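Enquirer: Quick one: the structure is below, and I'll ask about it shortly.
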Amino acid sequence: RYHLLAGAVEEAGLNTLLTAHSADDQAETVFMRLSRGAGPHGLSAMQDITYIAAGAGAPVHLVRPLLGFSRAQLTATAGVFRQPYIDDPSNDDFGYERIRTRALLAALEEQELLSQKALLRSAERMQKTVRRLQAAEKSAFQSLGGCFYGWGGASVERRSALTLNPDKAGGLIRRLIFAVSGADHAPDDDAAMGAFERALASGSSTLDRKSVV
């Protein structure tokens, strides 16, 4: 989805894509990722500003300016300004995990067992943690002689990578695979580290059909 949107933005000669993700979407994302046992990256949920790409060109800014506002607030505001909007029919389809999650969270909030505010607070705290991890990953990338290439790949020095602390390696390799893969979401740390270890052992590996050599 984001790959197609990034391509459309590039074709229009623009560099920024805005989405209308709301606080409700953010809370639902935290809950769904928590149900999968996600770590700090997953529980940090959606970022206000991030980057996506359709290819090896300059990345597109993905901006979510409405994460601090509830869906009810946005709908009411559109009504006040008589701004037409489209209500996606899939919002009533319980075949989707997000719709089931939405109903469950409403019930939990009504029973005062879990609030949207608490989920958003957890996401904010995880975002701070992720920023610290990213700073450490950037430092590790530089220490490994890391390099990005115009054709869309990245590399680190193999000999130096062998000495990398596994706790740091997982996040760094996850981030690199995400940066060059064009995927909507980054792989989890364990999957990324597994692909990296296989590449170190045998000379090559793949993850989601992307090569790690």
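Enquirer: Could you give the angle, 0 to 90 degrees to the nearest 10, between helix 166-181's Cα long axis and the longest principal axis of the Cα atoms of the chain?
Expert: Relative to the chain, helix 166-181 is tipped by roughly 70 degrees.
Enquirer: Residues with beta-carbon under 15 Å from that of Ala201, excluding Ala201: net charge, scoring Lys, Arg +1 and Asp, Glu -1?
Expert: +2
Enquirer: Picking from Phe81, Phe94, Phe141, which is most flexible by a Gaussian network model of the chain using Cα springs under 10 Å?
Expert: Fluctuation is largest for Phe81.
Enquirer: Leaving out ligands and nucleic acids, note down the accessible area per residue over the chain with a 1.4 angstrom probe, in whole Å².
Expert: Normalised by residue count, the accessible surface of the chain is 64 Å².
Enquirer: Also, quick follow-up: If you line up the long axis of helix 116-143 against the longest principal axis of the chain, both from Cα atoms, how many degrees apart are they, to the nearest 10?
Expert: On a 0 to 90 degree scale, this one is about 20.
Enquirer: Under a point spin-label approximation (7 Å from Cα along Cα-to-Cβ), what is the Ala136-Leu108 distance to one decimal in nm?
Expert: 2.7 nm
Enquirer: Mind pulling the angle between the C-alpha long axis of helix 97-110 and the longest principal axis of the chain? Nearest 10 degrees, somewhere in 0 to 90.
Expert: The angle comes out at about 60 degrees.
Enquirer: Using the Cβ atoms and a cut-off under 14 Å, what net charge is assigned to the surroundings of Leu74, where Lys and Arg are +1 and Asp and Glu are -1?
Expert: After counting each charged neighbour, the total is -2.
Enquirer: Still on this model: Which percent of the Cα-Cα distances in segment 1-89 go past 15 Å?
Expert: Above the 15 Å cut-off, segment 1-89 has 67 percent of its Cα pairs.
Enquirer: Okay, moving on. Enumerate the amide H contacts of Leu62 below 5 Å, restricted to partners 5 or more residues apart or on another chain; note that Pro and chain-start residues carry no placed amide H.
Expert: Leu17, Thr50, Tyr51, Ile52
Enquirer: May I pose another question? Among (1) 12.1; (2) 12.7; (3) 13.9, find the value of mean projected area of the Cα convex hull in nm² that was calculated from the structure presented, and write down its label.
Expert: Of the labelled values, this structure produces (3).
Enquirer: Which value, in debye to the nearest 20, gives the size of the charge dipole of the chain about its Cα centre, when Lys and Arg are +1 and Asp and Glu are -1 at the Cβ?
Expert: 720 debye
Enquirer: With each label point set 7 Å from Cα along the Cα-Cβ vector, what nm distance links Ala8 and Lys128?
Expert: Output for this residue pair reads 3.7 nm.
Enquirer: Right, next: Most mobile of Asp93, Asp48, Asp188 per a Gaussian network model of the chain (Cα springs, under 10 Å)?
Expert: Asp93
Enquirer: A further question on this structure: Name the residue from Pro187, Ser115, Thr163 whose Cα lies farthest towards the positive end of the charge dipole of the chain, charges +1 on Cβ of Lys and Arg and -1 on Cβ of Asp and Glu.
Expert: So the residue we want is Thr163.
Enquirer: Normalising by the residue count of segment 69-213, find the relative contact order in percent from Cα pairs under 8 Å and 6+ residues apart.
Expert: That works out to 10 percent.
Enquirer: Could you list which residues have their amide H under 5 Å from that of Leu207, counting only those 5 or more apart in sequence or on another chain, with H placed in the peptide plane?
Expert: Excluding prolines and chain starts, which carry no amide H, the hits are Val212.
The values are calculated or read from the model by the stated rules, or taken from the named source; none is laboratory data. Values in this document were obtained by computation on a predicted structure and should not be read as measured data. Glycine also receives a Cβ, built like all others from the backbone with ideal geometry; neighbour counts cover every protein chain displayed. For accessibility, only protein heavy atoms count, side chains too; no ligands or nucleic acids. Shrake-Rupley method; radii C 1.70, N 1.55, O 1.52, S 1.80 Å.
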